[in-house]
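To keep things clear, I will list the structure first and then write my remarks on it.
The values are calculated or read from the model by the stated rules, or taken from the named source; none is laboratory data. Keep in mind the model is a prediction, meaning the values are calculated, not measured. Using ideal geometry, Cβ is built from the backbone for each residue, glycine included, and neighbour counts are taken over all protein chains shown. In case anyone asks, the SASA skips ligands and DNA or RNA and just uses the protein heavy atoms, side chains included. Shrake-Rupley method; radii C 1.70, N 1.55, O 1.52, S 1.80 Å.
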Amino acid sequence: MLKNTILLASFLLCITFVSRAQHINPLQQGKRTSIRGLSVVDDSVAWVSGSRGTIAITTNGGKTWAWQQVKGFEKADFRGVEAFSDKEAVIMSSGTPALILKTTDGGASWQEKYRNTDTTYFLDAIGFDSPKHGLVLGDPIKNKFLLLETNDGGETWHPFKNQPDAIPGEAAFAASGTCLRVAKGEIHIVTGGTVARHLTTEKPYKKWFIHNLPIAQGQSSKGAFSISIEYNWIVVGGNYSKDKITDSVSCTFDSSIKAQFKLSDKGPAGFQSCVEAISDNIYLSTGTPGSNFSTDGGRNWAKIDNTSYNVCRKAKKGKLVLLAGDGGKIGVLTP
């Protein structure tokens with residue numbers, strides 16, 4: 001027993017040491033917007049989107065940013081963005097009306113591609129698995145999660161052919177745009193509210209597979225807020241109304257015979273709204289109490305920063321990792 005205790009202590013000390021080698025340096029702040037949308041294209045290009053119709057783009061790895069309020073949409077809350085280059089991006093607005101816009105000229109002009117004034121529509125997240133195919137997730141309507149699909153790069157949108165069932169009181173969280181992940185023909189959704197669940201399907205999208213999550217649940221402020229599906233399935237969340245509580249805020253998928261999610265041995269320091277894979281077994285998570293780092297596939301976490309961020313994303317092609325949050329705050333992860 002003593003030997004096992006010493007080994008565990010040594011292991012946790014190693015994780016803490018590696019994690020503390022990581023730093024988050026501020027790049028931008030002081031803007032009147034809450035940023036929840038973030039898309040990092042490569043080591044140079046990234047886009048953010050947020051409240052008050054605000055969009056920003058960098059083409060030099062975050063050193064400088066070009067900010068704008070999208071004309072005619074100054075009251076929109078753009079909680080999701082998917083960017084493909086320094087010219088092309090799609091943004092999604094939560095609230096009423098539900099909106100999807102697209103630019104092909106670096107934000108000089110925007111075209112409205114979807115609008116719905118029905119107040120039951122609340123869009124939570126956007127995700128693409130190719131430049132042509134993407135999905136937008138919305139809260140349930142008549143006990144079915146809303147899913148919109150595009151097959152032409154966001155030019156047109158239509159209802160997904162197999163909308164997953166929702167339990168009464170279940171919803172998705174538009175906190176970081178990562179309660180939905182789409183990759184290699186797979187769709188992953190994590191939920192909260194009365195229950196916390198993981199819903200997944202793959203081509204040809206005929207059946208949804210359900211996993212119950214050991215994440216905080218049972219109230220509208222509790223649940224799974226984000227999932228990372230690269231390397232392994234890692235889920236984070238908790239209770240955003242009591243964000244310092246550390247119980248049941250992170251879990252990992254056990255692909256053994258039981259094939260279920262298991263709570264992390266040592267979770268992040270409080271509520272987390274986003275988790276992102278950095279490399280094999282290495283993950284970053286962030287939330288209002290600060291950011292955390294795992295070097296063992298999400299089983300153990302160490303806090304690396306106290307600053308409140310809403311979202312963290314790694315470059316699709318490259319190593320750049322950015323974070324963004326309220327007050328126009330943008331940070332970069334550095335070793």
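Of the residues making up the range 237-260, those that are buried (at least 23 other Cβ atoms within 10 Å of the Cβ) and more than 13 Å from residue 288 (Cβ to Cβ) are 250, 251.
Residues in the range 104-123 that are open to solvent by 40 Å² or more (accessible area, probe 1.4 Å) and farther than 23 Å from residue 59 by Cβ: 112, 113, 115, 117, 118, 119, 120, 121, 122. Filtering the range 279-315 to residues that are under 19 Å from residue 181 (Cα atoms) and under 14 Å from the mean Cα position of the chain (by Cα) leaves 283, 284, 285, 286, 287, 310, 311, 312, 313, 314, 315.
For the range 193-219, taking the residues that are surrounded by 15 or more Cβ atoms within 10 Å (Cβ to Cβ) and among the polar types (S, T, N, Q), the one that is nearest to residue 256 (Cα to Cα) is identified as 200.
Scanning the range 227-273 for residues that are without any contact (Cβ under 8 Å) to a residue 60 or more places away in the chain and of a type in the set (D, E, K, R) yields 230, 242, 243, 244, 247, 254, 258, 262, 265.
In this structure, is residue 126 modelled with pLDDT of 95 or more and crowded, with 19+ Cβ neighbours inside 10 Å? For residue 126, the condition - modelled with pLDDT of 95 or more and crowded, with 19+ Cβ neighbours inside 10 Å - is met.
Just checking, does the range 277-289 include any residue being open to solvent by 30 Å² or more (accessible area, probe 1.4 Å) and in contact with a Gly (Cβ under 8 Å, 6 or more places away or on another chain)? Yes; the residues of the range 277-289 include at least one that is open to solvent by 30 Å² or more (accessible area, probe 1.4 Å) and in contact with a Gly (Cβ under 8 Å, 6 or more places away or on another chain).
Residue-by-condition table, conditions (1) farther than 25 Å from residue 38 by Cα; (2) of a type outside the set (A, V, I, L, M):
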site	(1), (2)
205	yes, yes
217	yes, yes
229	no, no
256	yes, yes
271	no, yes
277	no, no
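One residue is enough: does the range 310-328 have a residue meeting the conditions in contact with a Pro (Cβ under 9 Å, 6 or more places away or on another chain) and not charged (D, E, K, R)?
Narrowing the range 310-328 to residues in contact with a Pro (Cβ under 9 Å, 6 or more places away or on another chain): none.
No, because not a single residue in the range 310-328 is in contact with a Pro (Cβ under 9 Å, 6 or more places away or on another chain) and not charged (D, E, K, R).
When restricted to residues that are in contact (Cβ under 8 Å) with a residue 40 or more places away in the chain and open to solvent by 10 Å² or more (accessible area, probe 1.4 Å), the range 304-314 contains 5.
Among 125, 108, which is assigned to a loop (DSSP other than H, G, I, E, B) and of a type in the set (A, V, I, L, M)? Working first, answer last.
Values: 125 fails: assigned to a loop (DSSP other than H, G, I, E, B).
Answer to the check: 108.
Annotation note: of 234, 227, 187, the sole residue that is surrounded by 21 or more Cβ atoms within 10 Å (Cβ to Cβ) and in contact with a Gly (Cβ under 6 Å, 6 or more places away or on another chain) is 234.
Quick check, is residue 87 assigned to a loop (DSSP other than H, G, I, E, B), out of contact with any helix residue (DSSP H, G or I) (no Cβ under 8 Å at 6 or more places or on another chain) and either modelled with pLDDT under 95 or open to solvent by 50 Å² or more (accessible area, probe 1.4 Å) (or both)? Explain how you work it out, then say what you get.
Values: assigned to a loop (DSSP other than H, G, I, E, B): yes; out of contact with any helix residue (DSSP H, G or I) (no Cβ under 8 Å at 6 or more places or on another chain): yes; either modelled with pLDDT under 95 or open to solvent by 50 Å² or more (accessible area, probe 1.4 Å) (or both): yes.
It is true that residue 87 is assigned to a loop (DSSP other than H, G, I, E, B), out of contact with any helix residue (DSSP H, G or I) (no Cβ under 8 Å at 6 or more places or on another chain) and either modelled with pLDDT under 95 or open to solvent by 50 Å² or more (accessible area, probe 1.4 Å) (or both).
Taken over the range 148-180, the criterion of being among the charged types (D, E, K, R) and open to solvent by less than 30 Å² (accessible area, probe 1.4 Å) is satisfied by 149, 170.
Selection of the range 43-80 for residues being under 22 Å from residue 178 (Cβ atoms), open to solvent by 50 Å² or more (accessible area, probe 1.4 Å) and part of a strand (DSSP E or B) yields only 79.
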